[in-house]
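These notes concern the structure reproduced below.
The values are calculated or read from the model by the stated rules, or taken from the named source; none is laboratory data. Not measured: the values here are computed from a predicted model. With ideal geometry, Cβ positions are generated from the backbone for all residues, glycine too; neighbour counts draw on all protein chains shown. The area values use the complete protein model at the heavy-atom level, side chains included, leaving out ligands, DNA and RNA. Shrake-Rupley method; radii C 1.70, N 1.55, O 1.52, S 1.80 Å.
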Amino acid sequence: MQSRSAAEIREGFQRFFEERGHTRVPPAPLLARDDPTLLFVNSGMAPFKRVLTGEEKREYQRAVDAQPVLRVAGKHNDFEEVGRTPRHHTLFEMLGNWSFGDYFKRDAIHWAWQYLTDALGIPPERLAATVYTDDDDAYGVWTDEIGLPPDRVVRWGNIAVGDEKNFWAMGETGPCGPCSELHYDRGAQFSEGPECIPDHSETCPRYLEVWNLVFMQFDRAADGTLTPLPFQSVDTGMGLERISSVVQGVDSNYKTDLFEPIIARLASFIGHDPETVESERFSYQVVADHSRAMTFLIDQGVRPANEGAGYVLRRIVRRAVRHGRLMGIDRPFLAETCDAVIEIMRDAYPSLEEHRDRILDEVGAEEAKFARTLEAGSERLLALVEAAGHGGTIGGDEAFRLHDTFGFPIDLTIEMAAEQGALVDRAGFDASMEEQRRRSRGARSGRFEAAPGLGELESEFVGYPNQTRAEGLRVLGVAETEVAGQVQVVLDQTPFYAEGGGQIGDRGELVGERARMLVEDTQRAGDAIVHIGRLEGVLSGGDVVEAQVDEERRWGAARNHTGTHLLHRALRDVLGEQAKQAGSWVAPEALRFDFPGEHPASRQQLREVERIVNAQIRRNASVSPTVMRLEEAQALGADMFFGEKYAPAAVRVVQVDGYSKELCGGTHVAATGQIGSLRILSESSIGAGLRRIEAVTGAAAEALVEERLEALHDAAQLLGDREENVPSRVEMLLSRLRDAEKAAREPKAAAERLDARAALAEAATAGEASVVVQAYPGADANALRALADDLRGSTGRFVAVATGAGKGPSLMVAASRDLVAEGFDAVPIVRAVAPLLGGGGGGRADLAQAGGKDVTRLDEALREAARLALEALQQLETA
């Protein structure tokens, strides 16, 4: 068997199946954007889920891919085991070949055998297989056609009694079927007893599972009944890391060329020799694995956060930082290991190279943030362990405080406590976390609280698509609030839109036989739509009213809401998929849109976003809200994001024909042309890693353009030129102003300039540097600055200390830029001396000045500054 690199195996696998009629499919995003049941793609199957169930059709029936997957959340969660074993990882690559109603067991088994034995050259006698207990078809192919001896084909599994070995299912119900695993025999020296047979890797390391062939042929009902599927499929998965360890002849995935360069880079960074690396193998493996995961996550737009995918990233980074401290690293190091990941993986995943700077910056920022609290948090945890005693339990509330105050993810707390022989009350922690989330939800919705009894009522919204008037509405409840003169009213039906999805609530009025209510806001409390406002007259439960929404405001909000959808899609088109919505505010007069971003969008990017949105508006594309099942929305490709709560039975999808699809409950225009136009007012930072765009549409956009055109016209009038010439004229005037200001700062005549040559002639030397120390009684601060400029043009390495008394006492310390590059800094010197003059000082490392009021101590200040400058030079010479 010839050794091959992991890159060669990845490419060779896909080429092997391409030669057998398979379409090479690019990897899906690591974030499971179109499947709210998953946070991350956690198996090779996940991107093909709807194809396998028949919900989605693709142009091919055979596929091959190399799919990165992440197992750190949900059912498939290997996080705790990473680093402890030779084969567990957070992120790994799954090689897979697929048949959607095309070939089945025979071809899948034959091709798997050919790839392993012919393409990779694995000796046949080192391979074994497992099949489901009664899968005679697969067993027959292995024994009769491939020729595996029966003692190397093991039958396992009995789903009737709950043993699901060699049987795979998407869930409790749905597509499922038997599977056949291929195992590599690592040799008798790894045996640990008579039970050392394939599929017993939990108790014996001799056999290593390398490939799983899943044959989906049944639909499982809730009662366990298996019915044949209308078409049969093949779903295979082989971990690149595992097969690389086999081909490269090593006993651990971490010793393959996918991990060794990361470990070597870290060892070089720390200064560890090979023996030390082996003694710290656990921590090295944690850091190497986690560096891969964080690199891929940040590449795909995930940022550290306290929930969702961002929280998973934060856990990964912080566990890696902690293991770095265990190895004695007291400075930032993750940028080194993540850079090594990029070097290894960039050819297969070019976006890693494209986003290198962002990845390394993000990792460094999160590492620095946790480093500030790690020591204090560790001390607090040790104190808790001591209080609990060996074998004792740290309370869930205390674990939560470690999370909330020191940023310790719960799994890190559990791991550190276990190292000291203590347990952690995970259930108590979860309860504290849920309580915080409940309070947070309450705080977010704290702007409104329904009066007692109203929140239990139920209203039907009848305002779609843009219905603003309704009659015959029955009052279900009326209550006064704590605000003087304010009431809350709930109707059985209402056209008033309650605030939600970023869109503010409607205003308008309710009119009955005995009352009129001015509605100032509309909010939702549970299933009740609550109208809030001022009441004239008497309104009681059972009364019938007419509702009239403020039509102008409703249409303004509808324009801005559809405009927000267009803006969202355009931002992702221009800035990348990471620019997904992080918050929005939609009102009749304007809109705000928040999205992740470390750096400002350029003016060119904002103009391109604006151009794209307005092109969609000019298309007058239809806007179609449709209610459908969640799985239908997923199949349609509608934008939905993990963390949002969607009802599986009914979601509302708003589609802009041919451009965007998004789950949304707000009000919208019927066609994009009704928006008029969209203009971006500003783009700014609203906190660490978050940007905000403010924009207007419709009449507000027209007014904005008119105001700016009028301002341009007024500027042209003042300049006496054409409007298109205003920028060039302003630049010319600014240039003249800068020249005038510069001239005002400089001595008026050459005769007034201080003599740099004379100063150099009298200069002392320190090493290779000239040291000028001069007093110029008539010179002011401007003249001293000019002297520094002249010295730079007249000599090489120099330090100058000079004083002047013109316009008050002043002192200057200047240095050549090569000395500054070596560490000389003039600023501390002038700040140390400035008090002698009764003033202060500052500047740059190459030119700093001090001023004050006490001219009598100017000579003393000159001597002290010269002494400090010489000391600084001597330190450079001896460094």
(Q) I'd like to verify a number: residues in the stretch 388-425 that are on the phi > 0 side of the Ramachandran plot and either part of a helix (DSSP H, G or I) or in contact with a strand residue (DSSP E or B) (Cβ under 9 Å, 6 or more places away or on another chain) (or both), how many? (A) 1
Q | Filter pass, Leu384 being surrounded by 18 or more Cβ atoms within 10 Å (Cβ to Cβ) and in contact with a strand residue (DSSP E or B) (Cβ under 7 Å, 6 or more places away or on another chain) | A | yes
Q.
Being under 23 Å from Ala6 (Cα atoms), of a type in the set (Lys, Arg) and not in a helix (DSSP H, G or I) is the filter here; which residues of the stretch 314-367 pass it?
A. Arg346
Q.
Can you go through Ala621, Ala615, Ala590 and tell me which one is more than 28 Å from Gly463 (Cβ to Cβ), open to solvent by less than 60 Å² (accessible area, probe 1.4 Å) and over 25 Å from the mean Cα position of the chain (by Cα)?
A. Ala615
Q: Please determine, by comparing only the residues of the stretch 222-246 that are aliphatic (A, V, I, L, M), touching a residue at least 60 places away in the same chain (Cβ under 8 Å) and outside any strand (DSSP E or B), which one is nearest to Lys49 (Cα to Cα).
A: Leu240
Q) Name the pairs whose Cβ atoms lie under 9 Å apart, with the first residue in the stretch 566-584 and β-branched (Val, Ile, Thr), the second modelled with pLDDT of 85 or more and assigned to a loop (DSSP other than H, G, I, E, B), and 6 or more positions between them or separate chains? A) Val574/Ala601
Q: Might you let me know whether the stretch 254-273 holds any residue that is closer than 30 Å to Asn166 by Cβ, among the aliphatic types (A, V, I, L, M) and touching a residue at least 40 places away in the same chain (Cβ under 8 Å)?
A: yes
Q.
So Ala515 passes all but one of these: (1) small (Gly, Ala, Ser); (2) farther than 26 Å from Cys664 by Cα; (3) loosely packed, with under 14 Cβ neighbours inside 10 Å. Which condition number does it fail?
A. (3)
**Q.** Inter-residue pairs, beta-carbon under 7 Å, first without any contact (Cβ under 8 Å) to a residue 60 or more places away in the chain and charged (D, E, K, R) and in the stretch 392-404, second outside any strand (DSSP E or B) and buried (at least 17 other Cβ atoms within 10 Å of the Cβ), 6+ apart
**A.** Asp397/Gly428; Asp397/Ser432; Glu398/Leu384
Q) Restricting attention to the stretch 33-48, does a residue exist that is open to solvent by 50 Å² or more (accessible area, probe 1.4 Å) and modelled with pLDDT of 80 or more? A) no
Q) Just to be sure, is Gly796 in a loop (DSSP other than H, G, I, E, B), modelled with pLDDT under 90 and within 52 Å of the chain's Cα centre (by Cα)? A) yes
Q.
Of all residues being in contact with a helix residue (DSSP H, G or I) (Cβ under 7 Å, 6 or more places away or on another chain) and more than 30 Å from Arg679 (Cα to Cα) in the stretch 523-565, which is surrounded by the fewest Cβ atoms within 10 Å (Cβ to Cβ)? Just the residue, please.
A. Gly526
Q. Hey, among the residues in the stretch 411-429 that are of a type in the set (A, V, I, L, M, F, W, C), within 27 Å of the chain's Cα centre (by Cα) and open to solvent by less than 10 Å² (accessible area, probe 1.4 Å), which one's modelled with the highest pLDDT?
A. Phe429
Q.
List pairs: first residue in the stretch 455-474 and at positive phi and in contact (Cβ under 8 Å) with a residue 40 or more places away in the chain, second residue outside any helix (DSSP H, G or I) and open to solvent by 40 Å² or more (accessible area, probe 1.4 Å) anywhere in the structure, Cβ distance under 8 angstrom, at least six positions apart or on different chains.
A. Gly472/Val544; Gly472/Glu546
Q: Report yes if some residue within the stretch 384-399 is out of contact with any helix residue (DSSP H, G or I) (no Cβ under 6 Å at 6 or more places or on another chain) and under 26 Å from Ser268 (Cα atoms); otherwise report no.
A: no
Q: List every residue pair whose Cβ atoms lie under 9 Å apart, where the two residues are 6 or more positions apart in sequence or sit on different chains, the first residue falls within the stretch 798-815 and is free of Cβ contacts under 8 Å to residues at least 12 places away in the same chain, and the second residue, located anywhere, is in a strand (DSSP E or B) and crowded, with 24+ Cβ neighbours inside 10 Å.
A: none
